[in-house]
Structures are given as structure tokens and as C-alpha cells.
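First up is the structure itself, then whatever we jot down about it.
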Amino acid sequence: MTVTHLLKNGDHIVSVNDVYGGTNRYFQKVAVNNGITVSFADASASPANVEKCIKPNTKMVWVETPTNPTLMMVDIKAVSEIVKKFPGILLVVDNTFQTPYFQRPLDLGADIVLHSLSKYMNGHSDVIMGATITTNKELSEKLTFYQNAVGAVPSPFDCYLVNRGLKTLHLRMKEHMVNGLAVAHYLEKNPRVEKVLHPGLKSHPQYELGQRQCRGFSGMIAFYIKGGLEEAKTFLSALKVITLAESLGGFESLAEHPGIMTHASVPENERKVLNISDSLIRLSVGLEDKDDLIEDVEQALVKAIPKL
């Protein structure tokens, strides 16, 4: 919210179309009431789609990569080069899924990097906080002023908790990656699973981009279970080690159904375009023993689909 206070009535935002449900809701239901218009571009298919949406009043391009929930990759450097052709447009990158340990958008041309500190940066699921990072002094001063004026100021204790979490970020992210890839590889071979999306898998459509842009990946996985909503619900309710919850990035593993949870506010026709179907499940793979996690996923899949 603080970032969009950099804009005024009549300004325009170009956002990636596959974006966190809360961001989509804010853009479509709140920002528009302040006279800010938003266009959604499939930036993961091609950065050129961002340029096609730029208008004379465009003042911000909003990127999330990997995207939420389908984990598509956006070429930050390519988008940055496009944005720089239009003076006055800011490139904002939500780096919540990757953290600076795995991906550094400022080095790739972003003007502002956004983090939900509640997730991986804190890592203990006990803080609600966000942060913006920029190397531009003028932008930093504006953001600091708006943060204070709007009232989005965290408590000293919350700051202490996040600082505590940051001390183990490098250790946690390494383990999230190990566990995430282990579960992803297991799911990819499971006959009860239609498709697995993880940027670290060679089957991912933008695997090469991920290797260039990132130095690793978090524990986020998306997969399509065979069947539909009933199979997905049965799977989620059968999990024992993994907890059913909307959040992500904590030490504990979480699972959720984007279509009826995090992205329920996205109109159904838009969810269809984004491939957020009834069979899509999102996992935030935590720090538990990977064999325990795989065993939990396996027994839940069997309960969801007893016979092949």
C-alpha cells in the first residue's frame, strides 16, 4: 500500500497477471477507487507483453517472480530494459518467494524490491510485516515519509523478531531448497499427479531463465492432482505432517488450495486463464525431515485417489 502512494489519481500500473491474490484484490478493488488503473500482462510468456500494456500515464510496472501461485518466471532484466525506455516508470519486484538469498532484483534493474517479511525473511510464522528496498535516496525518503504518514509502522518487538529470523536465513533457505526439490521430484514421478511446477525442475518451461536469474529456489511448489476439487480437498484434509493454511515461508510445511483460498477473490474467468484450476494445490515445503514429508504427501494422495 505504501508503494502505491507514490502514485496519484490518473496514474496507471502494469502488473504481471499471475500475482498474489491479495495484490490482485488490492489493485482491482482498492487502487481503482483512488483513480489508479491497472492492466495485467502475461510477463512470464514474454516481457514484450509488458511493453504492449504501457500507456502515456503508466507510472509503475509490478512484477512477481516466481509468480504466485503457478510459479512462472519473469525475466527481470528484460523487463527492466523495457521500462528504462520510458522515463518516469518505476519497476517494482515482489521478491517474497525467493528472498535476496536466491534472487537480487536490484542488481537486475529493479527500482524497488518488496518483501512480505512475514514469510521466509522472518521464517517463524509469528510476524505480520513488509519491507521495501531501494538504492534510490529520493525514493527511500518518499517511502519513509508515506510509511510514517499512512501508519504502517511495525512495533519494536516485531522488528526484533524479524532480525532474529534473518540471522538464520541462509541456513533455512538452503534446507527449504533441498526439501522442496525432493518433494517436487517425488510428485513428478507420482501417477496420481498431473503436473508439477517448480523452477528448479528441468521440466519447468522457464528452467533456463531460473538458472540465469537465481542462485537457487525456495520451498514453493505447485502441482495439479489428477481429478478435480473433491480429490484436491480430500488430499488436503488427509495431510498429517503438512498443515492446511494460506501462509508460506515458515519452518513448518503448509498446503493450500489457491482456487478457494489465497486466490478466491480473483474472478473465475481470470483464474481459468491463469490455470488456477480446481486441481491446483500449492505447497510451502518447510524444514521437517524430507522423508517424513514425502511419506505424508504419498499417503494423502492415496486417500484422495485410492485407485488408479
| task | Could you tell me which trypsin sites (Lys or Arg not before Pro) in the range 61-122 are loop residues by DSSP with no more than 13 other beta carbons within 10 angstrom of their beta carbon? | result | Lys84, Lys85
| field | Helix-derived mean residue ellipticity, 222 nm - over the chain, DSSP H n ≥ 4, -39500 (n - 2.57), to 500 | value | -10500 deg cm²/dmol
| task | Return the carbon/sulfur percentage of the accessible area of the chain, one whole number, probe 1.4 Å, all protein chains in place. | result | 54
| request: Please compute P(r) over all alpha-carbon pairs of the range 171-308, binned at 5 Å starting from zero, and give each bin as a whole-number percent. | output: 2, 11, 20, 24, 21, 15, 6, 1, 0
| Per residue, what accessible area does the chain have, given a 1.4 Å probe and all protein chains present, in Å²? | 45
| Any idea what log10 I(q)/I(0) is at q = 0.10, 0.11, 0.15 Å⁻¹ for the range 113-254, Debye with uniform C-alpha scatterers and no solvent? | -0.47, -0.56, -0.92
| query | Which whole-number percent of Cα pairs in the range 95-140 have a distance greater than 15 Å? | reply | 44
| task | Please express the shape of the range 1-131 as an equivalent ellipsoid: the semi-axes are the square roots of 5 times the eigenvalues of the C-alpha gyration tensor, given largest first in whole angstrom. | result | 22, 18, 13
| said: Viscosity 1.306 mPa s, temperature 10 °C: give me the Stokes-Einstein translational D for the range 49-207 in µm²/s, with Rh taken as the Kirkwood radius over C-alpha pairs. | reply: 90
| message | For a distance above 23 Å, tell me the whole-number percent of Cα pairs in the chain that qualify. | response | 56
| said: Give the average over all directions of the projected area of the C-alpha convex hull of the range 66-124, one decimal, in nm². | reply: 4.3
| task | State the volume of the convex hull built on the alpha-carbon positions of the range 229-308, expressed per residue in Å³ and rounded to an integer. | result | 91
| note | In cubic angstrom per residue, the convex hull of the range 265-308 built on its Cα atoms measures 112
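The values are calculated or read from the model by the stated rules, or taken from the named source; none is laboratory data. A quick note: this is a predicted structure, and the numbers were derived from the prediction, not measured. Ideal geometry is used to build each Cβ from the backbone, glycine not excepted, and the neighbour counts take in all protein chains shown. Accessible surface areas use protein heavy atoms only, side chains included; no ligands, DNA or RNA. Shrake-Rupley method; radii C 1.70, N 1.55, O 1.52, S 1.80 Å.
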